[in-house]
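First the structure, in the form of structure tokens, and then the observations on it.
The values are calculated or read from the model by the stated rules, or taken from the named source; none is laboratory data. Model, not experiment: these values are computed from the prediction. Cβ placement follows ideal geometry from the backbone for every residue including glycine, while neighbour counts extend to all protein chains displayed. SASA here: full protein model, heavy atoms, side chains in, ligands and nucleic acids out. Shrake-Rupley method; radii C 1.70, N 1.55, O 1.52, S 1.80 Å.
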Amino acid sequence: MTVAILQEGDVVCLQKLCCKAPPPPRPEYDVVCIGLSGAGKTSLLSRLCNEISDGTVPTTGFSIKAVPFENAILNVKELGGAETIKKYWSRYYQGSQGVVFVLNSAASDEEMEASRSELLLAMQHPQLCTLPFLILANHQDSPAARSVSEIQKYFELQPLARGKRWILSGSTTNNMEAVKESFSQLISLLEEKEVLPSRI
């Protein structure tokens, strides 16, 4: 009969191997995603979730995706951007902790103006006005795309969003690393909001 004698150090080592605690749960944040039809909301979110985005059908009502990131999970409620749905957006704002606004940076002047109006309405809405905004100037790979600085000037973001927490980034489904980085910045703003009360 073989008797195995374990020394104290071996026990500690075995405990580390066998009894490894599960990683702490990642915080979850509820985020609403809005923007006009054709902005590319569904494609961006599908790619973030590693879903196949070919032949993406525009969202006709709303959909919810749990988008995992290294330090958090975003439960993104994407609202369809059609005229018939837009008027009901505000019904879905309750409980949101952040806003993702997607616009088509290659859109016509008329559509740009419509996007600007919708963003302004969202930033002034009682349920969203204190929340951090991630504004994605999508389709940056299009030859007709306006640059991020052009969009910032066109949307008059400095005066309109004064006192608010917002990020404006260019995006395209061809560079998802940049999109993930933009979302990471939004998560930083969400975390900042979470720890604010303890600073008082």
Look at region 150-190 and say how many of its residues are aliphatic (A, V, I, L, M) and within 17 Å of the chain's Cα centre (by Cα).
9
Looking at region 118-136, can you tell me whether even one residue there is β-branched (Val, Ile, Thr) and surrounded by fewer than 22 Cβ atoms within 10 Å (Cβ to Cβ)?
yes
All but one of (1) open to solvent by less than 70 Å² (accessible area, probe 1.4 Å); (2) of a type in the set (A, V, I, L, M, F, W, C); (3) modelled with pLDDT of 85 or more hold for residue 11, so report the exception by its number.
(3)
Taking first residues from region 149-176 that are over 12 Å from residue 103 (Cβ atoms) and second residues anywhere that are basic (Lys, Arg) and open to solvent by 60 Å² or more (accessible area, probe 1.4 Å), the pairs with Cβ under 6 Å that are 6 or more apart or on different chains are 173/47; 176/47
Single unsatisfied condition, residue 140 versus (1) out of contact with any Gly (no Cβ under 8 Å at 6 or more places or on another chain); (2) in contact (Cβ under 8 Å) with a residue 24 or more places away in the chain; (3) assigned to a loop (DSSP other than H, G, I, E, B):
(1)
Per the list (1) open to solvent by 100 Å² or more (accessible area, probe 1.4 Å); (2) modelled with pLDDT of 55 or more, residue check on residue 3 breaks on (2)
Scan of region 68-94 for residues that are within 15 Å of the chain's Cα centre (by Cα) and surrounded by fewer than 18 Cβ atoms within 10 Å (Cβ to Cβ), ordered by number
68, 69, 70, 71, 73, 75
Those residues that are assigned to a helix (DSSP H, G or I) and over 17 Å from the mean Cα position of the chain (by Cα), I need them from region 115-137; list them, please.
115, 116, 117, 118, 120, 121, 124
